[in-house]
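Worksheet for the structure shown next.
The values are calculated or read from the model by the stated rules, or taken from the named source; none is laboratory data. Computed from a prediction, not measured in an experiment: that's the story for all the values here. Every residue, glycine among them, receives a Cβ derived from its backbone with ideal geometry; neighbour counts consider all protein chains shown. Protein only, heavy atoms only, side chains kept; ligands, DNA and RNA dropped before computing areas. Shrake-Rupley method; radii C 1.70, N 1.55, O 1.52, S 1.80 Å.
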Amino acid sequence: MSLDYDQQYVLDNLTARNIVVAGAGSGKTRLLVAILNKLIEEDVPADKIVLATFTRETSRQMRSQSEQKTGKSLGELNCGTFHSL
């Protein structure tokens, strides 16, 4: 998964909370999955992470991609749409 300069900057400079606002096709999902992977690899407990998106399908995709990449089950991850969370 390759990130562009701005995406890599966000990933390298994480704070306690992040909001990513960008247009369609700009790589938001890719960046959010990269952030999620980094948090999981740094042993942040999945139940301490909230990942909100606009669609159920994107929510499922992000969870699945992260589980595949990290090899860890994210069963306790708070991941869903803004309405469902």
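Here are some notes:
- Accessible-area value, ARG30, 1.4 Å probe, nucleic acids and ligands omitted, Å²: 100
- In the context of the full set of protein chains, the chain has a per residue accessible area of 69 Å² (1.4 Å probe).
- Between ASN78 and ILE49, LEU51, the built amide H atoms are under 5 Å apart, and every one of these is 5 or more places off in sequence or on another chain.
- Taking every DSSP helix (H) stretch of at least 4 residues in the chain, weighting each as -39,500 (n - 2.57) and dividing the sum by the residue count yields a mean residue ellipticity at 222 nm of -13500 deg cm²/dmol.
- For the chain, relative contact order (Cα pairs under 8 Å, six or more residues apart, normalised by length) works out to 29 percent.
- Longest site-free stretch - the chain; sites: GluC sites (Glu not before Pro), DSSP loop, at most 13 other Cβ within 10 Å: 1-41
- Rounded to the nearest Hz, the phi-derived 3J(HN,Hα) couplings of the stretch 74-85 under the Karplus curve 6.51 cos²θ - 1.76 cosθ + 1.60 (θ = phi - 60°) are 10, x, 8, 5, 7, 10, x, 7, 4, 5, 6, 6, where x marks glycine and proline.
- Compactness index (Cα Rg / 2.2 N^0.38 Å), the stretch 20-85: 1.04
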